[in-house]
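The values are calculated or read from the model by the stated rules, or taken from the named source; none is laboratory data. This is a predicted model, so every value here is computed, not measured. Here the Cβ positions follow ideal geometry from the backbone for every residue, glycine too, while neighbour counts run over all protein chains shown.
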Amino acid sequence: MANQQLTGLDYKIQEMAGRIRELREISGFTPAEMAGKTGVSIEEYLLCEAGGSNLTFAFLYRCALAFGVDVTDLIEGQSPKLRSYTLTRAGKGQKIEQAHEMIYYNMASDFQNRIADPLFVENKYSDRAFHSDIELTSHIGQECDLIIKGCMKVQVGEHIEILHEGDCIYYDSSIPHGMVAANGEDCLFYAIVLRPQEEAALQAPSDRLPAAQERTADQKLRVAERFIRTTEDENGLVQSIAFRDEDKFNFAFDIVDTLGREKPEKLAMLHIAEDGTERRFTFRDMKEASSRAANYFTSLGIRRGDRVMLVLKRHYQFWFAILGLHKIGAIAIPATNQLVEHDFSYRFGAAGVSAIVCTADGDTAHQVELAERDYAKPLIKIMVGGTRDDWHDFTAESELFSRHFERRPDSPCGNDPMLMFFTSGTSGYPKIAAHNYKYPLGHYITAKYWHRVNPDGLHLTISDTGWAKSLWGKLYGQWLCEAAVFVYDFTRFDAAKILPLFAKYHITTFCAPPTMYRMLIKQDLSQYDLSSIEHASIAGEALNPEVFRQFEKATGLRIMEGFGQSESTLIIGNLAGDSHKIGSMGKPVPLYDVHLLDPGGREVPAGQNGEICINIRNGIPCGLAYEYYGSPEVTAKTWHDGFYHTGDLAWRDEDGFYWYVGRADDVIKSSGYRIGPFEIENVIMELPYVLECGVSAAPDEVRGQVVKASIVLVPGKEGTEELKKEIQTYVKEHTAPYKYPRIVKFCTSLPKTTSGKIIRNQL
């Protein structure tokens, strides 16, 4: 608690001292051993470790060498991240204050695996220091000092030299050395501290991704081009996107009905029921079925602005229903069939639900009825796939209505509310992200440049229609690109049942969350024909590099990551025509003006963690939610100061690629270090016997928090104390030692949201 009273330099010294003590204990060194490694007495070392003495750069440097970490880990509490270059402007280096009248600025602190530390040094003149013996220090390696202003007295071993502006001295830094300003004036110089040997090589970007789908002969007839204009560079990478008539846009009328008229026989959806029944729906089928639904809903008293829940798993009627709601202006609320009574009760009240269209499968309808008992307003209940007392039969009743529903001048469009998602938050009640009729336009980039759908192909996104991800991959963007969607209406994910479908139906593009990819790679993929797949992508959570490598090894396909939220379309992604780095989310899409901001709202430089934020000073872009419905306070905390704040942390490398860190609330603060859980999960997932892993913070009286790893092992592998130690050692060896999990817990499963995201605060 005493540290909380410290400010400025004293507080920073305390933090660095704590990090050194933590790493010494992790590494198993005694204070005497560290005193020997750092060239000081035991008493002096213990004083430094206790934060009772100013820490010289030489001391910090020798500590870093002893622990096998970068000196930046000790100074900042996090590892450097940049690999190809780092630019540090004048006066912006990593400041290291210390005694002996010197202030150091590390000019490359964010560069990973440096073989040298370039330091800009302010050497204050002191009459006492100049006329005293120079205090000497030493460290392994070599050093080069170049005077840029003033004069400096330098001692190397027994040799003393006076250096003037432009002079340079190069020496073996293991020889005791030191320097002081001379001639009664301050001195400025560069000190280049060279490490004893070169470390890891730079990681080069992978080959450039193929361009988006080539234009075909009928490209001029593409319906999306009536509303969307994009520009691409010579590699096919999208550079800009612009919209026209977006204030009049209604996806159901402008895209589905238009395709139903102009390309009536073009395949819109191939639907496979769990029993194997195949249904093929053309765009004419979708136009007519959605019009029947619109007329049907109107007959039941559902009106513009009413909120209607859709709990329809992967039933084909979902597409009829949501498009019908879009036509009449009722607000669709997709929801999962995993909800139970209290979930429905909250959602009914929070959204003011007027009607629900619900699957007959399982216990869902019963849970709805239980929640309805305490609901204050009448609820129109409509069932799909069965019958039940006091419920309407969607299939039988909607067939009685006209297949024509004409657009009127006052039909909903543009800024009118269209869609609500209950976000899958990992704490508290879900928020309601509200979208308008412009939202589908934002998914053009999602489908064309990230999913890379083929207009003549078949796209599979594995997602229940209860989640935003289904509308990312099962409707808007795909049909804007005139690609057909493949829907497999399964109850439980079974990799062995899904894998044969790729060859059987010639699926061309594929997207799934990491959990399902992890299940896929546990199969013997060599037994399945996956040659039809042209492109694979992933979203929902960050991808562990080990999953990427295994899938590529088995299929030859690189999984392209992307980042977005229920509140948005694709924000950051690995897009067609660009280069790629394994593990990176990619780069911001041109639809959004993305910034990485610190808690004070300032842009962070490359290599530093910041919150992903979208500039909204010029208005809400197409695809971004405009509020949390019914929650003005939460809305104000998220959309403020000209930015939409995602709550997700990332860092940007020197090439503009973004790397996911985690939710802001998930960062672990242990002994002065700031540790992102995803980095550790990546390392643990490299172990062949690990099926799933979640890393979280556990409270600790001494360290504040410690790293905890909750691990699900592959079937047949037993979690033992020996295995815990093996995992801990592996993490120490493959990342900075302070990041290793002090607590390892073996579990049969991990707590997840209904959308499949790990709930770290429940681990």
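If you scan the range 402-415, which residues turn out to be surrounded by 17 or more Cβ atoms within 10 Å (Cβ to Cβ) and either polar (S, T, N, Q) or touching a Ser or Thr at 6+ places or on another chain (Cβ under 7 Å) (or both)? Give the steps one after another, and end with the answer.
Filtering the range 402-415 for residues surrounded by 17 or more Cβ atoms within 10 Å (Cβ to Cβ) gives 405, 411-413.
Within the range 402-415, Phe405, Ser411 meet the criteria.
Residues in the range 492-509: is at least one under 24 Å from Glu552 (Cβ atoms), in contact (Cβ under 8 Å) with a residue 12 or more places away in the chain and crowded, with 24+ Cβ neighbours inside 10 Å? Can you show your working first?
Taking the range 492-509 and keeping what is under 24 Å from Glu552 (Cβ atoms), we get 493-509.
When the remaining residues are screened for being in contact (Cβ under 8 Å) with a residue 12 or more places away in the chain, the result is 493, 495-496, 498-503, 505-509.
Next, only the ones that are crowded, with 24+ Cβ neighbours inside 10 Å stay: 509.
Among the residues of the range 492-509, at least one is under 24 Å from Glu552 (Cβ atoms), in contact (Cβ under 8 Å) with a residue 12 or more places away in the chain and crowded, with 24+ Cβ neighbours inside 10 Å, which makes the answer yes.
Val707 passes all but one of (1) farther than 30 Å from Asp578 by Cα; (2) assigned to a loop (DSSP other than H, G, I, E, B); (3) not acidic (Asp, Glu); which number fails?
Of (1) farther than 30 Å from Asp578 by Cα; (2) assigned to a loop (DSSP other than H, G, I, E, B); (3) not acidic (Asp, Glu), only one is false for Val707: (2).
Show me the strands (runs of 3 or more DSSP E) found entirely inside the range 595-702 where at least 3 residues are under 30 Å from Arg549 (Cα atoms). Spell out the reasoning first.
On the way: elements: 610-615, 643-652, 658-663, 668-670, 673-675, 690-700.
It comes to 610-615, 643-652, 658-663, 673-675, 690-700.
This table checks each residue for (1) modelled with pLDDT under 95; (2) closer than 25 Å to Leu763 by Cβ; (3) of a type in the set (Val, Ile, Thr).
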residue: Val594; (1), (2), (3): no, no, yes
residue: Ile620; (1), (2), (3): no, no, yes
residue: Thr635; (1), (2), (3): no, no, yes
residue: Leu649; (1), (2), (3): yes, yes, no
residue: Tyr660; (1), (2), (3): yes, yes, no
residue: Ile675; (1), (2), (3): yes, yes, yes
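Restricting attention to the range 285-316, report how many residues are under 38 Å from the mean Cα position of the chain (by Cα) and assigned to a helix (DSSP H, G or I).
7
Scan the range 284-299 for residues that are among the aromatic types (Phe, Trp, Tyr) and free of Cβ contacts under 8 Å to residues at least 60 places away in the same chain and report the count.
Of the residues in the range 284-299, the ones among the aromatic types (Phe, Trp, Tyr) are 296-297.
Still in the list and also free of Cβ contacts under 8 Å to residues at least 60 places away in the same chain: 297.
Summing the residues that are among the aromatic types (Phe, Trp, Tyr) and free of Cβ contacts under 8 Å to residues at least 60 places away in the same chain in the range 284-299 gives 1.
Does Gly573 fit the bill of being within 20 Å of Glu654 (Cβ to Cβ), at pLDDT below 95 and assigned by TED's automatic domain parsing to the domain that holds Leu471? Break it down into steps so the answer makes sense when it comes.
On the way: within 20 Å of Glu654 (Cβ to Cβ): yes; at pLDDT below 95: no; assigned by TED's automatic domain parsing to the domain that holds Leu471: yes.
Spelling it out, it is not the case that Gly573 is within 20 Å of Glu654 (Cβ to Cβ), at pLDDT below 95 and assigned by TED's automatic domain parsing to the domain that holds Leu471.
Can you pull out the strands (runs of 3 or more DSSP E) entirely within the range 77-171 that have at least 2 residues that are touching a residue at least 60 places away in the same chain (Cβ under 8 Å)?
Values: elements: 94-97, 102-106, 116-123, 142-149, 151-156, 159-164.
By residue number, 116-123.
Quick one: how many residues across the range 711-731 are part of a helix (DSSP H, G or I), of a type outside the set (Phe, Trp, Tyr) and within 18 Å of Val695 (Cβ to Cβ)?
Here is the first cut: in the range 711-731, the residues part of a helix (DSSP H, G or I) are 721-731.
So of that shortlist, the ones also of a type outside the set (Phe, Trp, Tyr) come out as 721-729, 731.
Restricting the remaining residues to those that are within 18 Å of Val695 (Cβ to Cβ) gives 723-729, 731.
Number of matching residues: 8.
Given the residues Lys581, Lys587, Lys553, which is the only one that is surrounded by fewer than 24 Cβ atoms within 10 Å (Cβ to Cβ) and at pLDDT 95 or above?
Details: Lys581 fails: at pLDDT 95 or above; Lys553 fails: at pLDDT 95 or above.
Result: Lys587 is the single residue among Lys581, Lys587, Lys553 that is surrounded by fewer than 24 Cβ atoms within 10 Å (Cβ to Cβ) and at pLDDT 95 or above.
Among the residues of the range 633-689, which ones are basic (Lys, Arg) and under 24 Å from Thr72 (Cα atoms)? Explain how you work it out, then say what you get.
Narrowing the range 633-689 to residues basic (Lys, Arg): 637, 652, 663, 669, 674.
Arg652, Arg663, Lys669, Arg674 - these are the residues of the range 633-689 that are basic (Lys, Arg) and under 24 Å from Thr72 (Cα atoms).
How many of the residues making up the range 683-714 are touching a Gly at 6+ places or on another chain (Cβ under 7 Å) and surrounded by 22 or more Cβ atoms within 10 Å (Cβ to Cβ)? If you could, list the steps in order and put the result at the bottom.
First, the residues of the range 683-714 that are touching a Gly at 6+ places or on another chain (Cβ under 7 Å): 710, 713.
Right, trim to surrounded by 22 or more Cβ atoms within 10 Å (Cβ to Cβ) and you get 710.
Adding up the residues that qualify gives 1.
Can we say Ile255 is in a helix (DSSP H, G or I) and modelled with pLDDT of 95 or more?
Yes: the conditions hold for Ile255.
Which ones in the range 510-522 are under 23 Å from Val453 (Cα atoms), touching a residue at least 60 places away in the same chain (Cβ under 8 Å) and not in a helix (DSSP H, G or I)?
Within the range 510-522, Cys511, Pro513 meet the criteria.
Tell me, please, whether a residue that is in contact (Cβ under 8 Å) with a residue 60 or more places away in the chain and under 25 Å from Lys92 (Cα atoms) can be found in the range 627-644.
No, the conditions are met nowhere in the range 627-644.
Does Arg652 satisfy being surrounded by fewer than 21 Cβ atoms within 10 Å (Cβ to Cβ), over 29 Å from Asp464 (Cα atoms) and basic (Lys, Arg)? Break it down into steps so the answer makes sense when it comes.
On the way: surrounded by fewer than 21 Cβ atoms within 10 Å (Cβ to Cβ): no; over 29 Å from Asp464 (Cα atoms): yes; basic (Lys, Arg): yes.
Criteria not met by Arg652.
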